[in-house]
Amino acid sequence: MKTINMMKPRLTQITIQFNSCYCGLPLSAIKLPKHCLCLGIIRKDELILASSEPIIYCGDDILALAIKGGNAPELEFILRKHHPILWSGISCDLARKHHSHEHELFQW
């Protein structure tokens with residue numbers, strides 16, 4: 001049986017969905033649990049460091065570190081925070097501005 005060391009650091013990568021509460025916000029706006037930090041964003045195979053204070057967009061992968069591995073589940077829960085299902089990317093200007101090449105998909 002494999003045991004998890006709760007004190008060992010754990011790296012987390014979460015993909016931001018269209019209904020994420022963080023779309024359009026700077027990475028620094030995310031309130032993280034104790035002993036956790038965001039390292040940056042991966043966007044189109046490019047790493048954007050947190051120190052450059054990037055804005056979060058749909059499709060970004062957020063890289064975060066739980067310095068104490070026991071905090072990783074809470075970190076992942078926070079990073080997956082989203083709007084209710086009734087909220088739609090179709091009506092979200094952020095989704096259209098960032099993915100202008102996909103704009104045609106949203107027209108009926």
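Just a few scattered comments:
- For the peptides 7-14, 66-73, residues were scored by their other Cβ atoms within 10 Å and the scores averaged per peptide; the highest-first order is 66-73, 7-14.
- The residues of segment 1-73 have, on average, 61 Å² of accessible surface per residue, using a 1.4 Å probe with all protein chains present.
- Projected-area mean, segment 30-76, by convex hull of Cα positions, square nanometres: 3.5 nm²
- The share of accessible area on segment 1-79 that comes from carbon and sulfur is 59 percent, using a 1.4 angstrom probe.
The values are calculated or read from the model by the stated rules, or taken from the named source; none is laboratory data. Since the model is a prediction, treat every value here as computed from it, not as a measurement. Note: ideal-geometry Cβ built from the backbone for every residue, glycine included; neighbour counts use all protein chains shown. The accessibility values were calculated without ligands, DNA or RNA, using every heavy atom of the protein model including side chains. Shrake-Rupley method; radii C 1.70, N 1.55, O 1.52, S 1.80 Å.
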